[in-house]
Structures are given as structure tokens and as C-alpha cells.
1. Could you line up ASP223, ASP97, ASP206, ASP186 from fewest to most neighbouring Cβ atoms inside 10 Å?
2. Could you tell me how many cubic angstrom of Cα convex hull volume the chain has per residue?
3. With the cut-off at 1.5 for a/c, could you classify segment 76-136 from its C-alpha gyration tensor as rounded, prolate or oblate?
4. Take the alpha carbon gyration tensor of segment 1-123, find the square roots of its eigenvalues, order them as a ≥ b ≥ c, and report rounded if a/c is under 1.5; if not, report prolate when a/b exceeds b/c, else oblate.
5. Restricting to DSSP loop positions (anything but H, G, I, E, B) with no more than 14 other Cβ atoms inside 10 Å of their own Cβ, which trypsin sites (Lys or Arg not before Pro) remain in segment 120-186?
6. Ranking VAL85, VAL6 by Cβ neighbours within 10 Å, fewest first, what do you get?
7. In segment 111-134, which residues have a backbone nitrogen under 17 Å from the label point lying 7 Å from VAL177's Cα in the Cα-to-Cβ direction?
8. Write down the radius of gyration of segment 118-213 and its Dmax, each obtained from C-alpha positions, in Å.
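Taken together, the values in this text are just the output of simple stated rules run on the coordinates, not laboratory data. Since the structure is predicted, the reported quantities are computational estimates derived from the model, not experimental observations. Quick reminder, even Gly has a Cβ in these numbers, built from the backbone with ideal geometry, and neighbours come from all protein chains shown.
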Amino acid sequence: MKILLVNDDGIRSLRLSIAQRHLEKFGEVWVVAPSEEQSAKSMAITLGEFKFKRQRERVYTVEGTPADCVTFGLFGLKLNPDFVVSGVNYGYNVGADIMYSGTVGAALHACYHGYPSIAFSGYPNGNKHIEEQLTEMINYVLDRNLLSEDYVINVNFPNDKVDYKGRRFSKVTNFKVDIEGTIEDDTFKYNQKRPDYLAERYDDTDLGRVHRGFITMTRLTLDKERVQSKWKLS
């Protein structure tokens, strides 16, 4: 089995190494990661060309986005992997975060080109649940033939400070964040925060369940149109 592993936190991410070590139990792992952090790039691509560097056997960096890593692996190295893994990301990718995530964006880019893919993310306070459950999660997906060219499996590991309670397929929550911004001279600074009530209000969703200690799994597709609209011509 051949696996392409990418991420958005960059080649120096400890969680990239953790993912590589677990995936090597299942086959030949090729790593292509950004040379620098590329968080919140979604499916952004570099048009035309970008630099790459071979770090060691089956490990490369690119001067580009997470989606560029996928492009290079598929069409530069011509790997034709059995599936693509993106992550493990530092921070949840649930709810609205999914739209911005470079981790999820890379997995969706692989899906766009017809390859089954999984995006892994987790709370950034530790790696206990990831170390204990990542191999089991991959086994779970493979044993049940859950991989598909039609969707991305988006997986989130819970905070190490809460007890692990199992895994759940969940729906994606829909929430807005609170943004506070200030202008200083020619610089705009802002921070965003989720309201404290969100995890309780969206109890049965990816956000609520991961906060309670579950590994959440959602299926994401490239089809963003959720409502059929009739256009009125005038």
C-alpha cells in the first residue's frame, strides 16, 4: 500500500512525524510538506510553478501551500497513492474552520483529483489521544472500507485533558465567531473567539462531541451547494 502524507503546519511539525510513524504500519509512506507553516490556506494553489527540495528518501518539501504538496506528490512524483492523509493538524477543524483549513483543503484537493483522503486534526495541548488512537482510527477506516473518492473523511481528536469516550460520525456544526479588531497606523490586528456556549448548543455535532471526549468523523464533499434555488429571470 502506498500513502501520500501532507500537512499545513510544515515539515518541522512533530505531529507530521507522529502521523508518518503510524502510517508506516500500513505501507510505504511518502511525505510532502510545506517548507514553512501554511495554515488557513484552504485549497489555495500556486499557479504554474513552485520550488521543491528532497530532504531524504521519500520526504520532500515544497515552497507552496498544502494543496501544492498534493499536486507535487500526484503529478510531480507521480505516486498514484492508495490514499492521501493530511495532518495531524495543531488545532480542531470543525464547523466553519473547515472552510479555511489548509489541512482539510489538501485532503479536498486530493479528492478533487480522484484520490480517497483523510484529514486528521486535534487539540494542540498534547498528543496522548493521537498516539493512542491514530493507528486504531486508520484500521477502523480501512476495515470498514470507508475510504471513497467521493468524500473526505475529516477526523478530530479530543483534548488530552478530557477522557476519551469513543468515536462518532457527526454532522458539521454551523457557527460564527466573534471578531475584535483594531487599527494601529497602517496595521490591522484582529483576533477571533468562539462564544463559550457553542459546545453546549451544538451538542450532537462535531464541535460538541469533540469537546466531550469523542473522536469525531465527518464526511466532506466538494459540492458546496446545499439548497436548490430557482432563479427568476427578468
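1. On the way: ASP223 8, ASP97 23, ASP206 27, ASP186 5.
Lowest to highest Cβ neighbour count: ASP186, ASP223, ASP97, ASP206.
2. Values: hull volume 42.9 nm³, N = 234.
Output value, Cα hull per residue: 183 Å³.
3. Numbers: a/c = 2.60, a/b = 1.43, b/c = 1.81.
Cα axes put segment 76-136 in the oblate bin.
4. Working: a/c = 1.30, a/b = 1.12, b/c = 1.16.
Verdict is rounded for segment 1-123.
5. Values: sites: LYS128, ARG144, LYS161, LYS165, ARG167, ARG168, LYS171, LYS176; in loops: ARG144, LYS161, LYS165, LYS176.
In loop regions of segment 120-186 (DSSP not H, G, I, E or B), the sparsely surrounded trypsin sites (Lys or Arg not before Pro) are ARG144, LYS161, LYS165, LYS176.
6. Numbers: VAL85 30, VAL6 33.
By the 10 Å Cβ count, ascending, the order reads VAL85, VAL6.
7. The answer is 121-125.
8. That works out to 16.8, 57 Å for Rg and Dmax.
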